[in-house]
Structures are given as C-alpha cells and as structure tokens.
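The block underneath contains the structure these notes are about, expressed in structure tokens.
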Amino acid sequence: AQSVTQPDIHITVSEGASLELRCNYSYGATPYLFWYVQSPGQGLQLLLKYFSGDTLVQGIKGFEAEFKRSQSSFNLRKPSVHWSDAAEYFCAVENNAGNMLTFGGGTRLMVKP
Amino acid sequence: DAGITQSPRHKVTETGTPVTLRCHQTENHRYMYWYRQDPGHGLRLIHYSYGVKDTDKGEVSDGYSVSRSKTEDFLLTLESATSSQTSVYFCAIKGAPPYNEQFFGPGTRLTVL
C-alpha cells in the first residue's frame, strides 16, 4: 500500500523568503503525485500535479514541485512567500488503479510579516 | 468551481444518534469520495463510489455506510454516532480525463457530544 510522509508539521517563514515543503512517498510503481492547499475553514484546492514527463512541474500561485524518483520525494517550492500563502499544505499519491488518493499528514505554513 | 455542495455544513449531535451527510454534484462525475480530516492525519478515505449503487471501502470505513442511488448524490451515514467520529468530513469528485485530480467540497464539521 502506498503512503505519504510530510516530515514538517509546522513551518514559519518570513514574507518574501523562499519556501520548501517536503514530501516523501512510498509506492511501488510510477506515482501520480499531487499538492493541495487548504486555507482556514475551506476545502482543498489543487496546486499542482505530476503524472509523467518533466520532473519539475509548475502550479498555480507561483508554486512548483520537483519529482525525484531516487529520493522518493516530491517537494513543493516557492521563491518568495506572500502573507496570503499561510495555509495548510497536503501532498498526496494516487494508487495504480487511479481510484484512490493517500494523503500526508499536512504541513501548516505560517508567514511572518 | 467543481459544482460540489455538502449539507449540512455544521452539525452537533449526541452519541448514539444516526447522522446522514449529503454530497451533491452537478457535473455527472462517476467517482465520488468521502474523507474525514483530523489533525495530524491529513485526509483519510472513508468510502468511495464508482457509479450508481457501486461503492467500496476506504482506509477508515468502520462505523460508516454510504449509498448512491443517483449519480449526483452520495450519502454518508453514521448509524450510531460516537465521539471518535467528531471530525470534518469532505466530499470529493474525480474529474474526467485529462483532469484526473480530485475536487473537494467545502466540508461538514460534525461534533458528536
């Protein structure tokens, strides 16, 4: 069975600083990987996804993620964080049948002014 | 906007009472999902449906049942609510190719006293 680990429960960065959120997955085949963001009291919004091809994928709101098969990682990055990026971020992997997602525990991002 | 609504949005109930949550979609998607969200656990799949009357269990299905008698509606029932089922419940649909990601509803906050 697949699993996803987000090692950092909380991260605080200053506005304008760069950001990297870590995601490690365990999956036997080529994974389909996703990053979602959840603002307080809201549902989840897709930031980006990786299915195949270029290992660096661009998403919405200036986010990008890099798939590294050798490290079983799919880390999310942003070069300059804005106060509105404060939210909880979830990494997820889809199973081979394409009918289920497994989520990591989430990373809560706080942004200092 | 994926056209997903959940009702009720908030509910407080007592231990031992039955509770039904409703998920409604307007876009005729085949796959629908119920998740629960708890701190530190991310989202965990309860049940999912791959068509009318076709459902299957997820990771945390004990104490929950589902029904799908129409394409647009997916019901989650707690036959006898327990305090451990206090959570935020999210419904999701899976988009049609090439948009294979899941889209989430706004959530239902359930408190079992």
The condition of being at pLDDT below 90, surrounded by fewer than 12 Cβ atoms within 10 Å (Cβ to Cβ) and in contact with a strand residue (DSSP E or B) (Cβ under 9 Å, 6 or more places away or on another chain) holds, among A:P40, A:P31, only for A:P40
Could you check segment B:31-53 and list, in sequence order, the residues that are more than 11 Å from every other protein chain (Cβ to nearest Cβ) and more than 13 Å from the chain's Cα centre (by Cα)?
B:G51, B:V52, B:K53
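Could we say that B:L43 is at pLDDT 95 or above and part of a strand (DSSP E or B) here? First the steps, then the outcome.
Working: at pLDDT 95 or above: no; part of a strand (DSSP E or B): yes.
No: the conditions fail for B:L43.
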Considering each of B:S87, B:S80, B:S65 in turn, give the residue that is out of contact with any Phe, Trp or Tyr (no Cβ under 9 Å at 6 or more places or on another chain), buried (at least 18 other Cβ atoms within 10 Å of the Cβ) and modelled with pLDDT of 95 or more.
B:S87
Mind checking which residues of segment A:86-113 are under 17 Å from A:G16 (Cα atoms) and in contact with an Asp or Glu (Cβ under 9 Å, 6 or more places away or on another chain)?
A:L109, A:V111, A:K112, A:P113
Of the criteria (1) within 15 Å of the chain's Cα centre (by Cα); (2) free of Cβ contacts under 8 Å to residues at least 24 places away in the same chain, which one B:N100 fails:
(1)
Consider A:L76 carefully, then state whether it is more than 10 Å from every other protein chain (Cβ to nearest Cβ) and within 10 Å of the chain's Cα centre (by Cα).
yes
Hey, A:G59 buried (at least 20 other Cβ atoms within 10 Å of the Cβ) and within 16 Å of the chain's Cα centre (by Cα) or not
no
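The values are calculated or read from the model by the stated rules, or taken from the named source; none is laboratory data. From a predicted model like this one, the values you see are computed outputs, not experimental measurements. For neighbour counting, all protein chains shown are included, and Cβ atoms are generated from backbone atoms with ideal geometry for every residue, glycine included.
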